[in-house]
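The values are calculated or read from the model by the stated rules, or taken from the named source; none is laboratory data. Quick caveat, the model's predicted, so the values are computed rather than measured. Every residue, glycine as well, gets a Cβ built from its backbone with ideal geometry; the counts of neighbours run over all protein chains shown. Remember, those area values only see protein heavy atoms, side chains included, never the ligands or the DNA or RNA. Shrake-Rupley method; radii C 1.70, N 1.55, O 1.52, S 1.80 Å.
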Amino acid sequence: MICPFCGPRDAAEFRFGGDPSVTRPGAECSDAEWADYLYLRNSPRGRAREYWVHAQGCGLWLMVERDTEAHALLSLREALP
């Protein structure tokens with residue numbers, strides 16, 4: 001992968017951060033809603049947007065778009081807070 005700050009890096013330095021379309025439930029949510037948030041995810045085939053962090057580098061959060069079927073990186077940019 002290519003970190004916008006550090007340049008080309010080994011993919012093992014990055015950690016998956018989650019699906020940006022998933023919204024964390026509020027503090028008033030039920031146990032079932034919390035369990036759904038933690039454990040139930042769609043895993044669609046094809047194009048996916050994901051958060052990744054350069055964990056063994058600068059710590060920068062990235063927005064990655066990749067093809068899950070072809071294992072191809074389509075785009076990568078800094079994820080703004």
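Observations
- Where N is the number of residues in region 35-75, Cα Rg divided by 2.2 N^0.38 Å: 1.38
- Reciprocal mean inverse distance between Cα atoms of the chain - Kirkwood radius, Å: 14.0 Å
- Solvent-accessible area per residue, Å², over the chain with all protein chains present [probe radius 1.4 Å]: 74 Å²
- Among Gly57, Gly18, Gly26, the largest mean-square fluctuation in a Gaussian network model of the chain, built with springs joining Cα atoms closer than 10 Å, belongs to Gly26.
- Overall, the accessible surface of the chain at a probe of 1.4 angstrom is composed of carbon and sulfur to the extent of 52 percent.
- Label point distance in nm, Trp61-Ala35, each placed 7 Å from Cα along Cα→Cβ: 2.8 nm
- Computed 3J(HN,Hα) for region 63-78, one whole-Hz value per residue from the Karplus formula 6.51 cos²θ - 1.76 cosθ + 1.60 where θ = phi - 60°, is 9, 10, 10, 9, 9, 6, 7, 8, 6, 10, 7, 9, 7, 8, 8, 5, glycine and proline marked x.
- Computed over neighbours whose Cβ is under 15 Å from that of His54, the net charge equals -1, Lys and Arg +1, Asp and Glu -1.
- Dipole-positive endmost among Ala48, Ala35, Val22 within the chain (Cβ charges, Cα centre): Ala48
- Taking each DSSP H run with n ≥ 4 as -39500 (n - 2.57) and averaging over every residue of the chain yields -3000 deg cm²/dmol at 222 nm.
- Loop GluC sites (Glu not before Pro), the chain, which have at most 16 other Cβ atoms in a 10 Å radius of their Cβ (DSSP): Glu28, Glu69
- Pairs of Cα atoms nearer than 8 Å and 6+ residues apart set the relative contact order; for the chain it is 28 percent.
- Taking Cα centre as origin and charging only the Cβ of basic (Lys, Arg, +1) and acidic (Asp, Glu, -1) residues, the dipole magnitude of the chain rounds to 280 debye.
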